[in-house]
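Each remark here refers to the structure printed beneath this line.
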Amino acid sequence: MVRNRQPELYSAAIITYTAAAVALLGRLIARRKTVRVLTWEDYLAMFAFFMGTGFTFISLFKMRWGLGLPIKDINMSEDLIYYHYFLDLWIDMWFYTFAIGSSKFVILGLYWRTFSLSVTRWPIRVLGAGSVCWFIVRIFLITLECQPIEKFWYPDLPGSCHIPPMVPLFASSIPHFALEVGILICPLYEISRLRIQPAQKCALGAMFGAGALVCCSALNSIVNCIKLNKMPNMDLTYDAIDDQIWAVCDVNIASIATSLPFLRPTLRSLNNALRKLTNGSSTTTAKTNTMHCENNTHTLVTIGSVPRKGRSRLPIDEEGSTAELSGEVYANDKEGSYQSIPIHTLECGRSATKGHDTLQ
């Protein structure tokens, strides 16, 4: 019986890609319901998704020449197999770099909008600088892997490959994992300081917690690379599929993580639609929504603390992530303490107006 690991790659790619597509669609719907204007974060999130789409397509396209099958069972010469493997690898490294890099910048942009007035702004700056460095290093590694570049998939071509196999691991994969861990724990300090119920803190942490799955996939990629490097008789097309599986999970889960914090308005709309179908009458639904608007004073807060000597008021704009995520805006009152201003304009069906008219 022929060993075949292609179904594993199919499952990993299709499941995670479908989830990423649904998450992005939910994000765009939520943005249209709240701010009605897409920001650079939204466009960058779409760009990251399209790069992830290219990476997912290349991952599945690799199976046309036998990725996931033992090399001895592929009806193709080994030279041609190696050609396809390394050519496709060089192409998907570009998609991976832009997909992961864009996802990092999207989530850091969200953090900056939400926590820019708190002490967390310094870790955000460090993570942003590290992400830029990671992106630049990846570009250099891809372009300087071999000279000429074609030698990467044409081993008999005159030239040389200067970068040892373990250099990309220490220069790219490990920093990527470290950055993802930093991005994961960055908002935890501010969340822990919020005066809300523990259950709400857990829910808010879970909203940013999809990055934990990105950390897991990045860590598994590192472990798999080390394992492959130590194999005495590695089957390139069969054993190396683990790296492709974890990479496609990494790309798509990173896209999910960038959209998850914005899904609250979409989920609320879906819940209202289901409630309307369940109740069976628009009158009952209107009463339920009215009660919800009157009692909705316990919304989750994701705003970082503001120094008392800092600005007198947090900046509020219609396209910022702050109001969308928190449901409340904090401003300094006359005595220097914080004042909670609930925003229920969109939820209660009142027409939104620009500027401070939206604050009721």
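Every number in this text was worked out from the coordinates using simple rules, so none of it is lab data. The structure presented is a predicted model; accordingly, all values stated were derived computationally and were not measured. Neighbour counts run over all protein chains shown; Cβ positions are idealised from the backbone, glycine included.
Modelling each spin label as a point 7 Å along the Cα-to-Cβ direction, I'd like the Ile14/Cys202 distance in nm, to one decimal.
About 3.4 nm, to one decimal.
Is the shape of segment 6-262 best called rounded, prolate or oblate, per the rule: a/c under 1.5 gives rounded, else a/b larger than b/c gives prolate, else oblate, with a ≥ b ≥ c the square roots of the Cα gyration tensor eigenvalues?
prolate
Report the extension gain between Val2 and Leu80 in nm, rounded to one decimal, defined as 0.36 nm multiplied by the number of residues separating them, less their alpha carbon distance.
Using 0.36 nm per residue and subtracting the Cα-Cα distance, I get 26.0 nm.
Pairs of lysine in segment 6-262 with Cα under 23 Å and at least 8 positions apart or on different chains: total?
5
When you have a sec, figure out the Kirkwood radius of segment 83-146 from all distinct Cα pair distances and drop it here in Å to one decimal?
13.2 Å
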